[in-house]
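The values are calculated or read from the model by the stated rules, or taken from the named source; none is laboratory data. Here the structure is a predicted model, which means the values were calculated and not measured. Neighbour counts run over all protein chains shown; Cβ positions are idealised from the backbone, glycine included.
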C-alpha cells in the first residue's frame with residue numbers, strides 16, 4: 001500500500017501482512033457446500049450426506065445411510081399468528097424420541113426462520129449437533145467447544161473449530177460425554 005504525503009511530495013510505503021488461514025485436515029471437503037452457484041444451502045439432505053461420508057472416512061464407519069431406513073429431515077415455519085403473539089419455538093433445530101431411540105430412524109426438524117440467518121459453518125454445526133443426538137444418542141455437553149453444546153450457533157466458530165469438534169464427536173473423545181437413555185424394548 002502506498003501513501004502520498006502532500007507536505008514534502010514523498011511517497012511512504014506500508015506493508016500489510018495478511019495472516020494465512022491454514023485449514024486442519026478433514027477427510028471430506030466442505031467446499032461443495034460453500035459454493036452458492038452449485039449448492040442450495042437449504043437442501044437439508046446434503047448435510048446428512050456430508051455427515052454420513054464424514055463418519056465413514058473419519059472414524060471408519062458405520063455407514064449410517066445403510067442403517068437408516070427412515071430419514072426425515074424437515075423445515076418448520078413460524079406462522080404469522082405465532083409471530084404476532086410472540087409464541088414461537090424456542091429452538092433452532094431438534095431431534096426427537098422417534099429418531100434417537102430407534103437406530104433405523106433419523107427425525108430432525110429445523111426452524112427455517114433461524115436457519116436462514118446462519119452462515120455455512122453454523123449450519124454444519126447445527127446439523128451435526130442434531131445428528132449427534134439421533135445417530136450417536138449423545139446428550140448435551142457442558143463445553144462450548146463441543147458440537148454437542150446446546151447453544152451451537154456461536155458466531156465466533158470457524159472451519160477449524162468445526163473440524164476439531166466433529167472429530168472429537170466421531171471419536172467419542174469429548175469430556176463429560178453422556179448418552180440419551182432410551183427405554184429397553186423386549
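Considering only segment 57-158, give the strands (runs of 3 or more DSSP E) lying wholly within it that have at least 3 residues that are at pLDDT 85 or above and within 23 Å of residue 34 (Cα to Cα).
Those strands (runs of 3 or more DSSP E) span 70-76, 105-111.
Looking at segment 31-61 only, could you name the residues that are surrounded by 17 or more Cβ atoms within 10 Å (Cβ to Cβ) and either more than 18 Å from residue 106 (Cβ to Cβ) or touching a strand residue (DSSP E or B) at 6+ places or on another chain (Cβ under 7 Å) (or both)?
Correct list: 33, 41, 44, 48, 58.
Out of all the residues in segment 137-169, which are surrounded by fewer than 19 Cβ atoms within 10 Å (Cβ to Cβ) and touching a helix residue (DSSP H, G or I) at 6+ places or on another chain (Cβ under 9 Å)?
The answer is 137, 139, 140, 145, 149, 150, 153, 154, 155, 158, 159, 161.
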